[in-house]
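See structure below.
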Amino acid sequence: MEESMMMEEGEVAPALIAIHPVEKSVVVAIGSELRVFDLQEDCASSLVDDSGRPLHMDSIRAISFGADGRLFVSAGDDKLVKIWTTNPWHCIRTVLSEKRVSALAISPDNLFVSFADKFGVVWVVSTEVDDERKDEASPIFAHYCSIITSLEFSPDGRFIVSADRDFKIRVTVFPKRPLSGAHEIQSFCLGHTEWVFVIITIFISTFWHFVICIEKVTGRFSFEFASHSFFAVRFVTCLSFVCTQEYPQGFLLSGSGDSTVRLWDITSGFLLDTCEVGMEAGLLESDDKEETLCPAITDICASPDGSLIAVAIQRQLFMTNPISFFALCSLHGVVLLSCNLSGRTLSITKVVSMGGTFIPTSLAMSSSAEHLWIVTGASNLPALDSPSFARVSVISGLKKHGSDSSDDKPVVLDDNEIPGGSKLLEKLQGSVSISKGEEALAAAAEAVKIAMRNLLIKRQYSVEKRELRKKSRNDRKLKQ
């Protein structure tokens, strides 16, 4: 039986968004669709793929622009990793992964693309057109049966950082010949209490690397370790680097489900700072039944200098009973933070409400940090006429946010004020206006909550189904 037959039918996949580093174009991935809009030419972009295969045949789970915007990569549940040039949009390479892809990253020099699969293996492929191993990827290291949730290169290309569902952030030295494997571990950043959702790095000096972590909570079995109380289930989810001329090697941000953002030295794994997002933003609630509404971090992005960090959150109902599951409640919005590079500290600056039915599933910001691009939506939606739903929103005024004027503050733009206007919305959303009615929007919002919840918990299988899944594993097939 093939792995695809083992997947649950109609699995809801959150919508994703990516922005060109200098805001030349914006991409939304919804289900198996890649929707691209050229902001410079003010028109939709056509994607050309000469491989003879469909662009994607199943839900896209990871998308990313290269550091200079010349390359773009998409991958997902169809096990296809597609490498694109962006001027014009043309697929130059399609690589078949053994398992479904969970994360990807592009090296700063555009020479390599690395991706991680659901079995915890990290692979690398060359982007050189004349490479003999054009359609093959090489394994470079693994987290061994722990699903990798995020993958990122340091801006100087010296390290590749990976996060997994077993609370680990691993910093690996990226070798000069990566196709032969990466065997040197620089450090581990340990201490997360739950899924680390997001990691972003801000550089500091030639001799320092730092990491900021955001976390999530599910089970409680807690004990103390590395300044964090651990829980029975711990996940790490997203990674991203930021650098400046003054601090060329920078900091790394990472996130998870206990509502904290943390700052680490990734060369040593030392914790530098922790920002209690839920507590400091006043988002924590509790009642007499020992239940806590804890905002879960679902995505994070930052300006290059770290002066602005945007965090997407949802509230999750956390039961202090260790065997209880949590349920996602209402979205609170987007939290804006700032990072003091010289002081190596984090602080909350503002909470921006997005409305009751707008649940951010992905965030994106260009290097200029002029706009924060946000998408909500999912594919394979039940109770809707359309199989997918996507809604794009933009927050402006971010540059002025740090000024002394009280009149300068982030503003959620109206549809007619968004760059690209109605043309952009027609392409990225499928229609200019979302006129499905309140009931349909509520149904879509509920489906998005389910999609995000599925990202926050480990799927449970019966003994029979677990054995059946083992028999269908690709590595077992090769041994038979």
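Read-outs: derived from the displayed coordinates by stated rules, not from any lab. Computed from a predicted model, the values in this text were never measured in an experiment. A quick note on method: Cβ atoms are made from the backbone with ideal geometry, for glycine too, and the neighbour counts reach across all protein chains shown.
Per-structure values
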{"item": "3J(HN,Hα) from dihedral phi, the stretch 29-41, Karplus parametrisation 6.51/-1.76/1.60, rounded to Hz, x for glycine, proline", "result": "10, 9, x, 8, 8, 10, 10, 10, 10, 8, 6, 6, 8"}
{"item": "Burial ranking of peptide ranges 155-166, 364-375 (average Cβ count within 10 Å, highest at the top)", "result": "155-166, 364-375"}
{"item": "Percent RCO, i.e. relative contact order, over the stretch 47-190, from Cα pairs under 8 Å lying at least 6 residues apart", "result": "15"}
{"item": "Computed over the stretch 47-190, the ratio Rg/Rh where both radii use C-alpha atoms and Rh is Kirkwood", "result": "0.94"}
{"item": "Per-pair calculated FRET efficiency, R0 = 35 Å: Thr345 and Ile185 via Cβ, rounded to 0.05", "result": "0.80"}
{"item": "Mean Cβ count within 10 Å, highest first, over the residues of peptides 138-144, 252-258, 45-51", "result": "252-258, 138-144, 45-51"}
{"item": "Sequence-distant residues sharing a close amide H with Phe153 (under 5 Å, placed H)", "result": "Ile106, Val161"}
{"item": "Highest-first arrangement of 76-82, 94-100, where packing means the average Cβ count within 10 Å", "result": "76-82, 94-100"}
